[in-house]
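Shown next, in structure tokens, is the structure this report addresses.
The values are calculated or read from the model by the stated rules, or taken from the named source; none is laboratory data. Owing to the predicted nature of the structure, the values given are computational and were not obtained by experimental measurement. Glycine gets a Cβ as well: all are built from the backbone with ideal geometry, and neighbour counts include every protein chain shown.
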Amino acid sequence: MINTETLKTCARNGIEFVKKQKDVIDAEIFASWNEHITVRLNYTSDIPCNGVHEPKSTQFSGIGLLAVFKAGKETKVGFGSSSNNITPKGIAEAFQKARKNKLHDPDFKSLPMPIGKPVLENYHDPAVMEIADETMIDLGWRALKGALTEFRQKNFNNSIIVGGDITILKERMAICSTKGIDDFDESTILTANITSMIEKEKVKGSGWNANTHLSNFNPEEAGRESAESAIKTIDGERIPSGTYDVIFGRQPVTDLFTNIVIPALSLSSINSSDTPFLGKLGQKIASELLTVYDDGTINGAVGSKRISCEGIPTGRTNLIHNGFLVGFLANYYLSKKFENSISSFIPRNGFRFEKGGRNHNIQPKICPTNIAIEGKEEVTSQSLLSKINNGIYIGRIWYTYPINGLAAGDFTSTIIADSYVIKEGKIVKPLKPNTVRINNNITDILNNIIAVSKDKKQTIVWGGEGVVMAPEIAVHSIRLDNISGFIA
Amino acid sequence: MKSPFLKSGRIAIASSKKINLIEGLKETVLKVIQQTSSLKSCKYADIRLGTNTIKYANAENGKAKGMGEDCLISFGTRVIAGEMGAWGYYGQPIGENESSPRSISKILTSGINRAYTRALANANKKAEFKPFAPSLTAVNLAKIDSCNDTIDAIFDEDPRNVPLKDVLTLCTKTSMDMRGASTDVQYTHIDIHTGINRELFCSTEGACIDQSYALTQGMVAVVAQKAGGIPEVCYDYMGGLRGWEVLKGKNIYKQPLAAFALLRTRETIELTEAEFLSATDEPVVVVTNPHFNALLVHEIVGHPTEADRALKLETAYAGRSWLFRNFNDNELGKQIASPLLTAYSDPSIDGYGHYRYDAEGTPGRRVNLIENGVLKGFMNGRECAAILSHPPNGSMRATEPHYVPIVRMTNTVFANGDRDPAEILGEVREGYYIVNHRIPSISESRENFRISAQKVYKIENGHIAKLYRGGGITADSKDFLMNIDAVGNDFQVFPIPNCGKGQPMQVMRVGNGGPTLRSKARLTGRQKP
């Protein structure tokens, strides 16, 4: 493990070294250490199994150096990195690579300049940084125990599957530049995502828990919740193909925002002309009930960071306000590229998230932190049911993709768990998992919102980079197709 | 000792300190693995130590955006330990400054000890839980012969000898030519990488396998839009486990990257003028081309025939398999497809899924998945093979050595048939020709799919007629497979570079393909906002 002081010293000394090098106009040094721990569960009552299948981790550290060189009348920029070498030699190696890799990019305007002051201080958990192997393995067994205890108490012993994982992220970084940025960050994240099934009943339930601190982390509850949800959906029914009013639960809301809405609200999608929101800044793109923003400063939220990987303090970036498109997520490079042609966006979202951490090997891309979704007038979950009256509660969707490209807005996914039929404002029957495919356009969904719930829960989906503070959202007229008729 | 980089053939390879690093470390790694015999409860251990030397560049709209060359070193170790044998893992990248035998020995020993501690702690917990959960079982690996072998990388033009400037120039020039193809082109992007991977596998069972392969890939992205219209987006790849020659035309498309990129650009421009396809409520006759079938076989045959999915290990992530509910209720030996259809997975043939040994040291071999429509088997690793009582077939891979190997497709394909594709199409009075894959969305157990196509053509009286955009097909997997009534003789294997699976997600390259097929499916079209 490398401490933050070492990272800071390396970045600062590195800048002094680079300043002395010939032809260098500006430079930025990013140094980081990360550990990504995964305790993966696989319990199958009817197949020999390991329970906790894989306690594993990968850790990585290194230096990423971006330098601006003078090259005649123009400038060239070069990026180089050095792995597992937070030393002057590592700096020299990264610098040599940056020099070798330099090129003229006409869209490059400048290295990031300092903007404002960070809000968060000491928000990580030292106990997570120091977590012992035995403790992290125990977290996995506790999640399994939560699920199996629930199944036992309700007399389900056979055809049981419990899968999922405990993931622990430890991140430390420091950044220093000739532009005056000199800062650091430390963060810890714990997540439990558990899926339980009673396979012979063809039911599946989900449970999850996310926290920044070990003492508040509750994997048992995630396990218990997943088993409870599976049990509740026994005897589900199919529905005929048609158009329904629906409530998207927290996981589907997170899935839709992670895979469709947020990528479309990023300047990188503007850059590649691949978003349905191209040219729509200032226009109405959603129901007036909807407000969406990214906020990396929410205390206790697992997507929070003190600064971005460009050294810019995190903050609130408004994206949709009362249905109007008001902003895009930005990093410094693209914010500068588009400041004259579109608008000036504060570049709070330049992160180097890759392979489970803030990766020194790559340059900053645009990533969300905590995505907050709010309604103009938020209602209770019970009121959402009343507003729908007759329809479907969708609790978990899967494999959500912009099937005809992000710009077209079409998407599809299947409903795989935690879902119900709503009649006369009440949940009356579970929906049979894996029997419904959603085929819709995201702009329809955004425009047809009926109501947003008050209660939110931090939710992350598989492969997602950001966290969604997810409400439940009621929406009119969603196309649902009855599928997989050959499976009883 | 023979150098694994003296490729048979035309070019003598210059020495490379970083790649040949492995050569000087074999003894060190073997010594570290032998030392695990001193760990009291260690039942098995292996180490994978790998290097990836790579050159890369990218450009958009004719402007250079990045380039570089790097050598990434990393290792991963797996240990089974404890009375109630359980897994423990550890992995990490290694700095170039740490690559001396002494440093490597220290790092690997520390990693093994960490994995051993985890395995022991996990085994103790497993034993404690056993009364509560009787299906908990000590890890058992199917037996394999321990191999000692060295596999050479194959290439005509050594990636290490390609000037980085040439890589960048190809990116900038190609993306500029694409951009210049029409004023309707809004965005072009070319991304290239070329390099050599080398991985050493050593186990406590005595295996010592040193495998190398070259990998060269070009990615093409283009967005075109008519004024006031909806942007048409196309992404596609060319690549191969070969050297720089891949981008000069030694690839599945038999054309250089620049020509391939322009072809995709012209097709995208053409599509901006096409009408959007309308969805149908009922199945129609569809003829799917080999490029489309690459993704189709990937999603509806490849994934559900991975043994770890069948055994529920991916329930929370990538999903299960409708082909295996349990030991007493499954589709093995049953008709799940038309008798005309055979599908297999074969790492020995040319393609992105080619290798000699998998990440457990098991020789990779052809797995017959579907024979004449009957389900025959699953791709597996040693643990899954033992549970299923199947012979291990060497299908375990990790994207990088510091990740845990999982069951992956190799070159997973529909087998070639005997019909002329022109005849297959010519027999269709009314139907649709589905050309080139785009984006998939598949049901959790792979029982239903929706896959979009780059292009869809109406077929009228055996002839290709109108072009549509935004289309694709959807069907229940079994229905589609059972309804196949013609299999072409135009077999091809395409590179699929981005198959996501596992937690944390590993993005793997695989080969997929097949010949032209004819079946029935519902058409999908644009969802009108």
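Yes/no per residue for (1) out of contact with any strand residue (DSSP E or B) (no Cβ under 7 Å at 6 or more places or on another chain); (2) closer than 19 Å to B:L30 by Cα; (3) in a helix (DSSP H, G or I); (4) facing chain A (nearest Cβ under 10 Å):
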site: B:C71; (1), (2), (3), (4): no, no, no, yes
site: B:V79; (1), (2), (3), (4): no, yes, no, no
site: B:Y90; (1), (2), (3), (4): no, yes, no, yes
site: B:S110; (1), (2), (3), (4): yes, yes, yes, no
site: B:N122; (1), (2), (3), (4): no, no, yes, yes
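Go through (1) touching a His at 6+ places or on another chain (Cβ under 7 Å); (2) closer than 25 Å to B:A307 by Cβ; (3) part of a strand (DSSP E or B); (4) within 14 Å of chain A (Cβ to nearest Cβ) for B:N436 and report which single condition fails.
Unmet for B:N436, out of (1) touching a His at 6+ places or on another chain (Cβ under 7 Å); (2) closer than 25 Å to B:A307 by Cβ; (3) part of a strand (DSSP E or B); (4) within 14 Å of chain A (Cβ to nearest Cβ): (2).
Taking the conditions exactly as written (over 26 Å from the mean Cα position of the chain (by Cα), surrounded by fewer than 18 Cβ atoms within 10 Å (Cβ to Cβ) and among the aliphatic types (A, V, I, L, M)), does A:V421 satisfy them or not? Working first, answer last.
On the way: over 26 Å from the mean Cα position of the chain (by Cα): yes; surrounded by fewer than 18 Cβ atoms within 10 Å (Cβ to Cβ): no; among the aliphatic types (A, V, I, L, M): yes.
Criteria not met by A:V421.
Of the residues B:D281, B:D308, which single one is within 20 Å of the chain's Cα centre (by Cα) and among the acidic types (D, E)? Give the steps one after another, and end with the answer.
Details: B:D281 fails: within 20 Å of the chain's Cα centre (by Cα).
Residue meeting the stated conditions: B:D308.
Considering each residue of the range A:451-488, count those that are crowded, with 21+ Cβ neighbours inside 10 Å, within 13 Å of another protein chain (Cβ to nearest Cβ) and within 27 Å of A:F217 (Cα to Cα), and give that number.
Residues that pass the stated criteria total 2.
Can you work out which of the residues in the range B:459-479 that are more than 14 Å from B:N289 (Cβ to Cβ) and within 11 Å of chain A (Cβ to nearest Cβ) is nearest to the chain's Cα centre (by Cα)?
B:S477
If we scan the range A:81-98, do we find a residue that is at the interface with chain B (Cβ under 8 Å from one of its Cβ atoms) and at positive phi? Reasoning before the result, please.
The initial filter retains those residues of the range A:81-98 that are at the interface with chain B (Cβ under 8 Å from one of its Cβ atoms), namely A:81-85, A:87, A:89-90, A:93, A:97.
Now narrow it down to the ones that are at positive phi: A:84.
The answer is yes; a qualifying residue exists.
Run down B:K26, B:K55 and say which single residue is part of a helix (DSSP H, G or I) and either at the interface with another protein chain (Cβ under 8 Å from one of its Cβ atoms) or basic (K, R) (or both). Step through it out loud before you land on a result.
Values: B:K55 fails: part of a helix (DSSP H, G or I).
Going through B:K26, B:K55 in turn, the sole match is B:K26.
Has the range A:226-237 got any residue that is within 14 Å of another protein chain (Cβ to nearest Cβ), part of a helix (DSSP H, G or I) and closer than 17 Å to A:W462 by Cα?
Among the residues of the range A:226-237, at least one is within 14 Å of another protein chain (Cβ to nearest Cβ), part of a helix (DSSP H, G or I) and closer than 17 Å to A:W462 by Cα, which makes the answer yes.
Output yes when any residue across the range A:365-379 is within 20 Å of A:M113 (Cα to Cα), within 14 Å of chain B (Cβ to nearest Cβ) and touching a Cys at 6+ places or on another chain (Cβ under 6 Å), and no when none is. Can you show your working first?
Going through the range A:365-379, the residues within 20 Å of A:M113 (Cα to Cα) turn out to be A:365-367.
Filter again for within 14 Å of chain B (Cβ to nearest Cβ), leaving A:365.
Keeping just the survivors that are touching a Cys at 6+ places or on another chain (Cβ under 6 Å) gives none.
No, the range A:365-379 has no match at all.
Among all residue pairs at least 6 apart or on different chains, which show Cβ distances below 6 Å where the first residue, located in the range A:58-70, is more than 11 Å from every other protein chain (Cβ to nearest Cβ) and surrounded by fewer than 24 Cβ atoms within 10 Å (Cβ to Cβ) and the second is of a type outside the set (S, T, N, Q) and not in a strand (DSSP E or B)?
Qualifying pairs under 6 Å: A:F69/A:D23; A:F69/A:K102; A:K70/A:D23.
Residues that are more than 14 Å from every other protein chain (Cβ to nearest Cβ) and buried (at least 24 other Cβ atoms within 10 Å of the Cβ): list the helices (runs of 4 or more DSSP H) wholly contained in the range B:250-361 that include at least 2 such residues.
Working: elements: B:257-272, B:290-297, B:307-310.
Of the helices (runs of 4 or more DSSP H) lying wholly inside the range B:250-361, those with at least 2 residues that are more than 14 Å from every other protein chain (Cβ to nearest Cβ) and buried (at least 24 other Cβ atoms within 10 Å of the Cβ) span B:257-272, B:290-297.
Within the range A:306-334, which residues are assigned to a helix (DSSP H, G or I) and either closer than 18 Å to A:S32 by Cβ or among the aromatic types (F, W, Y) (or both)?
Answer for the range A:306-334, where residues must be assigned to a helix (DSSP H, G or I) and either closer than 18 Å to A:S32 by Cβ or among the aromatic types (F, W, Y) (or both): A:Y332, A:Y333.
With respect to A:S341, determine if the residue is touching a Pro at 6+ places or on another chain (Cβ under 6 Å), surrounded by fewer than 24 Cβ atoms within 10 Å (Cβ to Cβ) and either assigned to a helix (DSSP H, G or I) or within 14 Å of chain B (Cβ to nearest Cβ) (or both). Spell out the reasoning first.
On the way: touching a Pro at 6+ places or on another chain (Cβ under 6 Å): no; surrounded by fewer than 24 Cβ atoms within 10 Å (Cβ to Cβ): yes; either assigned to a helix (DSSP H, G or I) or within 14 Å of chain B (Cβ to nearest Cβ) (or both): yes.
So A:S341 does not fit the description; no.
Return yes when B:I406 is at pLDDT 95 or above, within 14 Å of another protein chain (Cβ to nearest Cβ), closer than 27 Å to B:Y90 by Cα and out of contact with any Ser or Thr (no Cβ under 8 Å at 6 or more places or on another chain) and no when it is not.
On the way: at pLDDT 95 or above: yes; within 14 Å of another protein chain (Cβ to nearest Cβ): yes; closer than 27 Å to B:Y90 by Cα: yes; out of contact with any Ser or Thr (no Cβ under 8 Å at 6 or more places or on another chain): yes.
Yes.
Please go through the range A:84-126 and give me each residue that is under 25 Å from B:E60 (Cα atoms), buried (at least 22 other Cβ atoms within 10 Å of the Cβ) and among the polar types (S, T, N, Q), ordered by number.
Result: A:N101, single match.
Given the range B:137-240, what strands (runs of 3 or more DSSP E) lie entirely inside it while holding 2 or more residues that are within 14 Å of chain A (Cβ to nearest Cβ), modelled with pLDDT under 95 and within 24 Å of the chain's Cα centre (by Cα)? Before the answer, list the steps.
Details: elements: B:148-151, B:185-203, B:208-224, B:232-240.
Of the strands (runs of 3 or more DSSP E) lying wholly inside the range B:137-240, none has at least 2 residues that are within 14 Å of chain A (Cβ to nearest Cβ), modelled with pLDDT under 95 and within 24 Å of the chain's Cα centre (by Cα).
Kindly indicate whether B:Y213 is aromatic (F, W, Y), touching a residue at least 12 places away in the same chain (Cβ under 8 Å) and under 29 Å from A:I270 (Cα atoms).
On the way: aromatic (F, W, Y): yes; touching a residue at least 12 places away in the same chain (Cβ under 8 Å): yes; under 29 Å from A:I270 (Cα atoms): no.
Spelling it out, it is not the case that B:Y213 is aromatic (F, W, Y), touching a residue at least 12 places away in the same chain (Cβ under 8 Å) and under 29 Å from A:I270 (Cα atoms).
Among (1) facing another protein chain (nearest Cβ under 7 Å); (2) under 25 Å from A:F17 (Cβ atoms), where does A:D46 come up short?
(2)
Look through the range A:452-486, keep the residues that are of a type in the set (S, T, Y) and touching a strand residue (DSSP E or B) at 6+ places or on another chain (Cβ under 6 Å), and return whichever of them is nearest to B:E282 (Cα to Cα). Show your work before the answer.
Looking only at the range A:452-486, we keep the residues that are of a type in the set (S, T, Y), and these are A:453, A:459, A:477, A:484.
Right, trim to touching a strand residue (DSSP E or B) at 6+ places or on another chain (Cβ under 6 Å) and you get A:459, A:477, A:484.
Numbers: A:T459: 37, A:S477: 22, A:S484: 14 Å.
Among them, the one singled out is A:S484.
What is the one condition in (1) within 14 Å of chain A (Cβ to nearest Cβ); (2) at pLDDT 90 or above; (3) touching a strand residue (DSSP E or B) at 6+ places or on another chain (Cβ under 9 Å) that B:K63 does not satisfy?
Exception for B:K63: condition (3).
Applying the selection to the range A:15-57, what residues are outside any strand (DSSP E or B) and free of Cβ contacts under 8 Å to residues at least 60 places away in the same chain?
Step one: list which residues in the range A:15-57 are outside any strand (DSSP E or B), which gives A:15-23, A:45-48, A:50.
Result: A:E16, A:K20, A:K22, A:D23, A:I47, A:P48, A:N50.
When you scan the range B:505-515, do you find a residue that is within 12 Å of another protein chain (Cβ to nearest Cβ), in contact (Cβ under 8 Å) with a residue 40 or more places away in the chain, part of a strand (DSSP E or B) and within 29 Å of A:L446 (Cα to Cα), even just one?
No: the range B:505-515 contains no residue that is within 12 Å of another protein chain (Cβ to nearest Cβ), in contact (Cβ under 8 Å) with a residue 40 or more places away in the chain, part of a strand (DSSP E or B) and within 29 Å of A:L446 (Cα to Cα).
Tell me, which residue of the range A:360-382 that is assigned to a strand (DSSP E or B) and not aliphatic (A, V, I, L, M) is nearest to B:A221 (Cα to Cα)?
Filtering first and then ranking leaves A:K365.
Where residues in the range A:128-138 are away from every other protein chain (no Cβ under 14 Å) and touching a strand residue (DSSP E or B) at 6+ places or on another chain (Cβ under 6 Å), which of them is nearest to A:T9 (Cα to Cα)? Lay out the reasoning, then the answer.
Within the range A:128-138, the subset away from every other protein chain (no Cβ under 14 Å) is A:128-130.
Filter again for touching a strand residue (DSSP E or B) at 6+ places or on another chain (Cβ under 6 Å), leaving A:128-129.
On the way: A:V128: 24, A:M129: 20 Å.
In this case the residue turns out to be A:M129.
Got a number for residues in the range A:105-127 being within 27 Å of A:I346 (Cβ to Cβ) and either in a helix (DSSP H, G or I) or at the interface with another protein chain (Cβ under 7 Å from one of its Cβ atoms) (or both)? Break it down stepwise before answering.
Of the residues in the range A:105-127, the ones within 27 Å of A:I346 (Cβ to Cβ) are A:105-124.
From what's left, either in a helix (DSSP H, G or I) or at the interface with another protein chain (Cβ under 7 Å from one of its Cβ atoms) (or both): A:105-107.
Residues flagged as within 27 Å of A:I346 (Cβ to Cβ) and either in a helix (DSSP H, G or I) or at the interface with another protein chain (Cβ under 7 Å from one of its Cβ atoms) (or both) within the range A:105-127 amount to 3.
Residue check, B:N498 against (1) within 30 Å of A:S57 (Cβ to Cβ); (2) surrounded by fewer than 18 Cβ atoms within 10 Å (Cβ to Cβ); (3) more than 14 Å from every other protein chain (Cβ to nearest Cβ), all met but one. Which one?
Of everything listed in (1) within 30 Å of A:S57 (Cβ to Cβ); (2) surrounded by fewer than 18 Cβ atoms within 10 Å (Cβ to Cβ); (3) more than 14 Å from every other protein chain (Cβ to nearest Cβ), B:N498 misses just condition (3).
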